[in-house]
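Heads up, the thing below is written out as structure tokens.
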Amino acid sequence: MLMVRQPSRRLSKGWEYTTRMDYDLECQSIVKTFGVFRAVDQVSFQIERGSFFSILGPSGCGKTTLMRMIAGFYEPDSGDIHIKGRSVLSTPPNRRPVNMVFQHLALFPMMTVAENIAYGLRRRRASRSEIETRVADALHRIGLPDSGEKRIDQLSGGQKQRIAIARCMVLDPDVLLLDEPLGALDLKLREHMKVELKQLQHQLGTTFVYITHDQSEALVMSDRVAVMNDGKFEQVGTPQDLYFQPDTAFVAGFVGDSNKWRGRVLNRDATSLKLEADSGETLVGVPGGSAAADRGMAVDIFVRPESISLRRVTSSEPTSTPGDTVNHRAAVVESVLFNGAQSRALVKTRQGEDMAVALPQTGEYADLREGEEVTLAWSIEHCRCYPASSG
Amino acid sequence: MSQKDARRLTFLLLLSPFLLWILLLVVIPHIDMFMLSVREKIEPRVYETGLGNYIEVFSEPVYVHTLFRTAVMSVAATALTLLLAFPVSYYIAKLARGRLKSALFLMCLLPFWVSELVRVFGWMILLRETGVISSFLQWAGLVSGPVEFLYNDAAVMVGLVYTSMLFMVVPLVSTLDSLDESLVEAGYDLGGGGFAVLREIVIPHAMPGIVAGCIIVFMLSLGNYLTPILLGGKSSLWFTGHIYSQFITRFNWEFGAAFGFILLATSSLLVWLALRLSGQTLASTIAKS
Amino acid sequence: MLPTIPQSALVRLTYRGYVALFFIYLIAPLLVAATFAFNDSLFPSLPWNGLTFDWFFNSTQPKLGLFHDPNIMRGIRTSFVVAVFTTTLSLLVGTTNAFLFERYQFPLKELCYVLMLMPLVIPGVILGISMLVFSSTIANGLEDSFGFEIEALRPGLFLVVLGQFSFIATIATLVISARLRKFDRTLEEAAYNLGGSRFDVLRTITLPYLKPALIGSGLIAFLISFENFNTTLMLVGSDSPLTITMYDRMKEGSTPVLNATSLFLMIGSGILAFIAVLAQRDKSKPAED
Ligand SMILES: Nc1ncnc2c1ncn2[C@@H]1O[C@H](COP(=O)(O)OP(=O)(O)OP(=O)(O)O)[C@@H](O)[C@H]1O
Ligand SMILES: [Mg+2]
């Protein structure tokens, strides 16, 4: 076993598991300001033991700042951080049971790979033989058994990546923090490492907190994802929650692709909203978040390209299926963006709105051409609206 | 013991050696020297504060003359060093390649690695009446008897330029190195002649290096003691020579301190002027070289 | 003028000739000083009387060799001791200063930085006399009010060390700061995050990174101290470092034993330079990747 849990640490904390659920990490109303600028604003969340938790947000939204507070490099202005049920605010970074994989890895260039991995163990005054076996184990586990004597600059990007993780994992942290660890890799390697990281986490059973601005990384790897914007958490949930039930306009726009309109609420009934887009077309949709949508309120309306069904006008099937439950548009194909499974058609509706529509994978539309007339339809649940953001 | 306290403590631990060093060894001694220089001896063991020492220095023509001479010769030595070093620096930075380039650059550093005393000694052997150059000229039949090249202002100049060459070449090479060659090519391409390109492209680019080099060379020349004394001989007057004799031979410290301050003021004034005229700052100039 | 721009052969040759002359000027005095160490004559001048190693190894007058000349050997020992102390002090204070100026923000930091640079701008002679004045003020004050005499505050090796240290510390600070500035601080955070104490991090990460700069500035400090003349001249007591001994001999006119000493110094500096280059090479490796 690579990660021999340290018995002493376990014993001293064992009793707390029963009292404090199985949360490895819990943040309560964390605030951090730089001067007058609020980098992190009232952030609270809990992470279950052994889960993969991602924080997803655009550049500059405060992800690194939050992570540095968990690691202990910044002190929060207010709020509390618990690791395994115990507040760590007064614990200096070198004593916290969390380890961090830095954005640019921060491998020590003056040491060999083995020395890098052994660094934390040496600081704990582990015996020489223990260090040797643990380092050898770790190297084996990350698939680089013969690289111990290499210098850091002799490694490839993906190898460095794995060394940086191994360097933390030999210490058997309660929580492993990863700050955009794939950011420096090229696209191909990134795709590969995504899968590998997820598997590694699964094997080790350590709690991962993973920072990224790349939604596909977050969605693919995580058990739960927090979407962060302007220092606040917009929504915390499973990848499916974020995709299918975004809580806010920001999440709806940030996670996955959407057609987006500005509009206002014309009318509301028990289950649906009647909406009018600024272009003048009417739609029927549902309120996206928890916020109430009243008559006349300005809203942002989101429809995903993949929830729109598309039909050729010339098709033999009847062109319209009835009802008020479905939104319809007649449109003309402007261009087809073929990209395998992600193929899209860009269309223009009669009212002159541009929309993107996902093309079904059946091959039925492989010969769709510019200028063809089509009809679009999407259901009420797939048309979500949120109080308009000021931006 | 929070992290903040620890950081504060480290700060104080780092600040104290700095303060001890700069205050006890630099700032306070200079203040003390100034206090000494404004102390006039009325009669043995009776003193009065006043500018008497300074007035006395400036009313004695030989001192004024020496100060003037020292400053002028230092400026001349600086200009000469610049003139001699510039073509060589340009050659090293832009024309020499690969190994030759680093070899030439290292050779320019050579004099620095050898004590100033040895450098001056070498010049003495070359220049004196029984020296190498004189013997060579006699052997070649160009002169009939021994010639003394030592103990004149030209010898002092040769020595000063030699001693400070390194401090001119290094900043020049480093600024010229960063000159984009396509700028020079563009200058030619647009029809500029050699001198036009030099004046309008190369020299403006090298200005920070020129200023840095000139300031250092000037200060080194002004404060030099060995070269003027050994190469200029007994009759050569150099301001540091007066300081030495007031302090060590005549033991007139009040007077010597005044000399010291006048030298310091002259050097600061000229350096300040040079910085002002060229729009550079001391930190940017010194820290770079 | 660039390799890519055609020039007439005459211009090119003249330029090369000038550069060659420049390097002859640079080398000549050193070469002459070294060569005459092997001349079998009582004076370091022509004619050439044949090769001898007496000026190094002979143990009898009048051709007393360098290694048997008690004054010179004592001078070398004294200089060595002074240089060791000066280097140690300069490295300590240079390192703390580098951390102070690179890692901390504090009120009056700009002023402190300028003060830190000051010793480089003050002529060595003046650094020497101000130290002399201040130490005498303290010594006299102590003697007058408490009646005890502190020998260390009178001209002597202690003051020589302090005087040299006062400006060599600035050089060490600049060299070490330059390297510290390039240090990636997340390495320290990573080490801290992996459980190292502050001291561990300094010992295992930061200092190893600074090592080339520490070695480099240590060698430079040693060399400058060993060669220093101006500051030393003002502060020296009865024990003379090598440069002072040589200076006294040079004024009197000496046998080629001085040339032998010069060559000895050159070889010593050459060895230091070689070590410095090795240390420098070590430094470039991790930085490149
Ligand atoms: N030490 C600091 N002082 C002042 N402002 C800071 C500091 N650190 C971060 N900030 C500001 O806080 C905000 C959040 O920074 P942070 O580094 O946490 O962003 P991030 O989400 O990690 O972005 P990225 O994805 O680009 O890494 C930024 O606007 C940044 O300018
Ligand atoms: Mg970041």
What FRET efficiency comes out for the pair C:Glu151/A:Gln154, r = Cβ-Cβ distance, R0 = 35 Å, nearest 0.05? 0.05
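Is the C-alpha gyration tensor of the stretch B:60-288 telling us rounded, prolate or oblate? Criteria: a/c under 1.5 is rounded; beyond that, a/b larger than b/c is prolate, otherwise oblate. Don't skip to the answer; put the middle values down first.
Details: a/c = 2.32, a/b = 1.34, b/c = 1.73.
Oblate, because a/c is 1.5 or more while a/b does not exceed b/c.
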Gap separating the Cα centres of the stretch A:329-391 and the stretch C:46-108, nearest whole Å: 83
With a ≥ b ≥ c taken as the square roots of the eigenvalues of the C-alpha gyration tensor of the stretch B:218-281, please select rounded if a/c is under 1.5 and otherwise prolate if a/b is larger than b/c or oblate if it is not? oblate
Roughly what % of DSSP beta bridges within the stretch A:100-230 run antiparallel, to the nearest 5? 20
GluC sites (Glu not before Pro) within the stretch A:327-382: DSSP coil, no more than 15 neighbouring Cβ in 10 Å: A:Glu364, A:Glu370, A:Glu381
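Per residue Cα convex hull volume for chain A, in cubic angstrom?
Numbers: hull volume 69.9 nm³, N = 391.
Each residue corresponds to 179 Å³ of Cα convex hull volume.
For chain B, what is the relative contact order in percent, using Cα pairs closer than 8 Å and at least 6 residues apart in sequence? Before the final figure, lay out each step's value.
Details: 295 pairs, mean separation 69.9, N = 289.
With pairs under 8 Å counted, the relative contact order is 24 percent.
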Reduced to Cα centres, the span from the stretch B:234-248 to the stretch A:271-300 in Å works out to 94
Projected label distance in nm at B:Glu200 and B:Ala79, using a 7 Å step from Cα toward the beta-carbon: 2.6
Sum up the lysine pairs in chain A that clear both bars: alpha-carbon distance under 28 Å and a spacing of 8 or more or different chains. 29
Under a GNM of chain A (C-alpha, springs under 10 Å), which listed residue has the highest mean-square fluctuation: A:Gly143, A:Gly35, A:Gly352? A:Gly35
Tell me the relative contact order for chain A as a rounded percent, counting alpha carbon contacts under 8 Å between residues six or more apart. 15
Label-point separation, C:Lys109 to B:Asp5 (7 Å along Cα→Cβ), nm: 2.5
Between B:Gly213, B:Gly131, B:Gly279, where does the largest GNM mean-square fluctuation fall for chain B, given springs only between Cα atoms within less than 10 Å? B:Gly279
For the protein assembly as shown, what does -39500 (n - 2.57) per DSSP helix run (n ≥ 4), summed and divided by total residues, give at 222 nm, in deg cm²/dmol to the nearest 500? -17000 deg cm²/dmol
Calculate one ³J(HN,Hα) per residue across the stretch C:192-206 by plugging θ = phi - 60° into the Karplus curve 6.51 cos²θ - 1.76 cosθ + 1.60, and present them in order as whole Hz with x for glycine and proline. 5, 5, 7, x, x, 6, 4, 5, 3, 4, 4, 6, 9, 10, 6
Here, GluC sites (Glu not before Pro) of the stretch B:40-93 satisfying both criteria (DSSP loop; at most 15 other Cβ within 10 Å) are none
So for the stretch A:114-185, averaging the separation of alpha carbon pairs under 8 Å that are six or more residues apart and normalising by length, what relative contact order in percent results? 41
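Where Lys and Arg each count +1 and Asp and Glu each count -1, what net charge lies around B:Ser236 among other residues with Cβ under 12 Å from its Cβ? Present the calculation step by step, with values, prior to reporting the outcome.
Details: positive: B:Arg69, B:Lys234; negative: B:Asp153.
It works out to a net charge of +1.
Pop the C-beta distance of A:Asp77 and A:Gln351 into the FRET formula with R0 = 51 Å and round what comes out to the nearest 0.05. Mind showing how you got there, number by number?
Working: r = 50 Å, r/R0 = 0.97.
The computed FRET efficiency comes out at 0.55.
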Hz values of 3J(HN,Hα) by residue in the stretch A:141-150 - Karplus curve (6.51, -1.76, 1.60), Gly and Pro given as x: 4, 8, x, 10, x, 9, 9, x, 8, 5
Accessible-area composition of the stretch B:60-288, carbon plus sulfur, in percent [1.4 Å probe]: 70
Anyone know which of C:Tyr25, C:Tyr15, C:Tyr192 comes out most mobile in the 10 Å Cα GNM of chain C? C:Tyr15
Would you give the gap between the C-alpha center of the stretch C:133-189 and the C-alpha center of the stretch A:95-164, rounded to a whole Å? 43
Pop out the ³J(HN,Hα) list for the stretch A:172-177 in order, Karplus 6.51 cos²θ - 1.76 cosθ + 1.60 with θ = phi - 60°, rounded to Hz; leave Gly and Pro as x. 6, x, 5, 9, 10, 9
Could you count how many Lys pairs in chain C have their Cα atoms under 16 Å apart, skipping same-chain pairs fewer than 8 positions apart? 5
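Over all residues in C:180-191, what is the mean tally of Cβ atoms on other chains that come within 10 Å of each residue's Cβ? All intermediate terms of the calculation are to be shown ahead of the outcome.
Working: counts 0, 0, 0, 0, 4, 1, 8, 8, 1, 8, 15, 6.
What the average comes to for C:180-191 is 4.
In the protein assembly as shown, what % of DSSP beta bridges are antiparallel (nearest 5)? Show your work: numbers first, answer last.
Working: 68 of 88 bridges.
The antiparallel fraction comes to roughly 75 percent.
The values are calculated or read from the model by the stated rules, or taken from the named source; none is laboratory data. Predicted model only: the values in this text are computed from it and were never measured. For neighbour counting, all protein chains shown are included, and Cβ atoms are generated from backbone atoms with ideal geometry for every residue, glycine included. Protein only, heavy atoms only, side chains kept; ligands, DNA and RNA dropped before computing areas. Shrake-Rupley method; radii C 1.70, N 1.55, O 1.52, S 1.80 Å.
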